[in-house]
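So the structure is just underneath, and the comments pick up after that.
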Amino acid sequence: MTNPAFDFNAIIESSKKAFEPALKFNALAVQGFERVARQQYAFAGELLEIAIKQMQLPSQAKDVNDLTAKQIELTTQLVEKTTQRSQDMIKLATEQQAELTKWYDQAAADYAAAAKKAA
């Protein structure tokens, strides 16, 4: 009895097709993580700058009123930056969710088409 030739190319092609959605998902996850990490890194730098300014205030203030005014100014800057960063994070999350939804819909459609073809 002879065995038919084993088609390695068919296995490779089917493996590529099977892992394609997972690779796309991984790329989307890495992209999202990178965007959030860069955002957080920039925010940490801003917080550090404000903390340094806060530490320098007592030596730069002329009197208690001046110190209080400068602290209020720094606090206002912090609130503005925090609000902006929060809005940026919401935007990033919304964009990432849209990309993942698009990926999921495409993967589900591909699997449904493959199942229908196989049936």
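Ranking Trp103, Val30, Ile52 by Cα position along the charge dipole of the chain, where only Lys, Arg, Asp and Glu carry charges on their C-beta atoms, puts Trp103 farthest toward the positive end. Our coupling estimate for the stretch 28-41, obtained by passing each phi through the Karplus curve with A = 6.51, B = -1.76, C = 1.60 and θ = phi - 60°, is 5, 5, 5, 4, x, 4, 4, 4, 5, 4, 5, 5, 5, 4 Hz, Gly and Pro reported as x. Using the Karplus relation 6.51 cos²θ - 1.76 cosθ + 1.60 with θ = phi - 60°, the per-residue 3J(HN,Hα) values for the stretch 90-99 come to 5, 4, 4, 5, 5, 5, 5, 4, 5, 5 Hz, with x marking Gly and Pro.
Charge tally around Ala114: other residues with Cβ under 14 Å, Lys/Arg +1 each, Asp/Glu -1 each, net +1. Mean separation of Cα pairs under 8 Å and 6 or more residues apart, divided by the residue count, gives the stretch 28-94 a relative contact order of 45 percent. Number of Lys-Lys pairs in the chain with C-alpha atoms under 19 Å apart and a separation of 8 or more places or on different chains: 13.
When the Cα atoms of the stretch 1-109 are aligned to their principal axes, the ranges along those axes come out at 100, 25, 12 Å in descending order. Highest GNM mean-square fluctuation among Phe43, Phe19, Phe33, for the chain modelled with Cα contacts below 10 Å: Phe19.
Taking the Cα centre of the chain as origin, work out the dipole magnitude from +1 charges on Lys and Arg Cβ and -1 charges on Asp and Glu Cβ, in debye rounded to 20.
On the way: 14 positive and 15 negative charges, 44 e Å.
I would put it at about 220 debye.
Around Thr76, what is the net charge, scoring Lys/Arg as +1 and Asp/Glu as -1 over all other residues with Cβ under 13 Å from its Cβ? Taking every other residue near Thr76 into account, the sum is +1.
Given the Cα-Cα distance of Ile12 and Asp66 and 0.36 nm per residue of separation, how much length would full extension add, in nm? Mind showing how you got there, number by number?
Details: separation 54, 0.36 × 54 = 19.44 nm, distance 7.20 nm.
Using 0.36 nm per residue and subtracting the Cα-Cα distance, I get 12.2 nm.
Each value in this text was obtained by applying a stated rule to the coordinates, not by laboratory testing. What you are looking at is a predicted structure, and each value in this text was computed from that prediction instead of being measured. Using ideal geometry, Cβ is built from the backbone for each residue, glycine included, and neighbour counts are taken over all protein chains shown.
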